[in-house]
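Before any comments, here is the structure.
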Amino acid sequence: MLARWKSGAWIHGLFRLLMIVSLSTLTCAQIVQYCDQHGIQGIQAAIDEAISLAQNAVLSYAQPSVRVQALLYALIKNPNFYLPAVGNLQRVANYLSAPPRISIYCGDDFIAQGPDGQWYESSDPNNPTLLVGGFIPCSGSASRGYVLRSQTAPLIILCPFGLTFRMQIGEISRHVPQINVPLDNAVGVSATILHEFLHIANPNVRDQSHVPTPEQVAKYGPAPNEEYAAYGWASCVRLALTRGGAVAANNADTLMLLAVGLYFTNTQFAYGVGTLTSDALLLPQQPNWQMVAVTNFPSLFHGNRQRKRFRGRPKDLDLLNANVYTIGEKSSG
């Protein structure tokens, strides 16, 4: 798999150069947030980190490593769609470097329905702005946030539930190994903002749905159903397994998890749970790396040392129905 990557090393070199040039020119002067005036602190730092998450993911892809490859494989599966996935993160940087501006609000109590039955952004009562599309309020939902579009600029709404999570990972914390920490638990407000940036920068990036299991259909009913939206690690992995890399590369939470996972410099999340970068992967013996079923290396993954590290939860290594993979030489067996 990486042989294909290395054979196109000049392409990745050019890609890296273009990314560095474009990211160095990024400005976020047109992102306006209105949360401080509501007494909610730390939003600006979360916005800044959301941009850093996208930047770091793009630059990480330009510097191939086992850690990067493993996470890409887990979330996208098909190497043909690694570049489109990272390209969507690059679109965030491109979009934020030019108008129109993005407005970010904490809560949606400023959205009002007019006499004409349509919804308006009414933070300025003297100059309400018509919203394009429908409106689903934060109240009563477990939504972390969502995007609205007005006639003038996109709006990101951060819901009260989403604001109960930590604002950002932090420049110091990102270098601390996150042993046994699920990647889902590392997602905070900055990651939610990135998720919404991805929707805005590319309308093709959506909240995709995975193919449900028979058990899910029995519980929630047939698709389409919002219960099958690919939010979080398990659903995103299932999305890649059941609908392929082309769909996964355009799923907002998949891209957000990729960016968050790569942001931790001394942790790898190949199985959705943090381990040291030297753990839980068979390092390649030759340049021609292959993805190999983990069952080919039982001593690495099913021994007492690994079980102890995951505190008796080997199921965390089980990427849905034992579809767990590692990186290494292809086994002759």
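All of the numbers you see were taken from the coordinates with simple rules; none came from a lab. Please read all numbers here as calculations on a predicted model, not as lab measurements. Cβ placement follows ideal geometry from the backbone for every residue including glycine, while neighbour counts extend to all protein chains displayed.
In percent, rounded to a whole number, the relative contact order of the stretch 2-269 is 24, using alpha-carbon pairs under 8 Å and six or more apart. When all alpha carbon pairs of the stretch 2-269 are counted in 5 Å bins from zero, the resulting P(r) reads 1, 6, 12, 16, 18, 17, 13, 8, 5, 2, 1, 0, 0 %. Rounded to the nearest whole Hz, the Karplus-based 3J(HN,Hα) values (6.51 cos²θ - 1.76 cosθ + 1.60, θ = phi - 60°) of the stretch 50-57 follow the sequence 4, 5, 5, 4, 5, 4, 5, 4, with x at glycine and proline. Projecting the Cα atoms of Leu257, Pro137, Val66 onto the charge dipole of the stretch 2-269, computed from C-beta unit charges around the Cα centre, puts Val66 farthest toward the positive end. Distance distribution P(r), the stretch 192-282, all Cα-Cα pairs, bin width 10 angstrom from 0: 17, 41, 31, 11, 0 percent. A Stokes-Einstein calculation at 20 °C with viscosity 1.002 mPa s, built on the Kirkwood radius of the stretch 27-117 over Cα pairs, returns a diffusion coefficient of 136 µm²/s.
In this structure the amide hydrogen of Met167, modeled in the peptide plane, comes within under 5 Å of the amide hydrogens of Val189, none closer than 5 places in sequence on its chain.
For the stretch 48-121, the relative contact order is 29 percent, taking Cα pairs closer than 8 Å that sit 6 or more residues apart in sequence and dividing their mean separation by the residue count.
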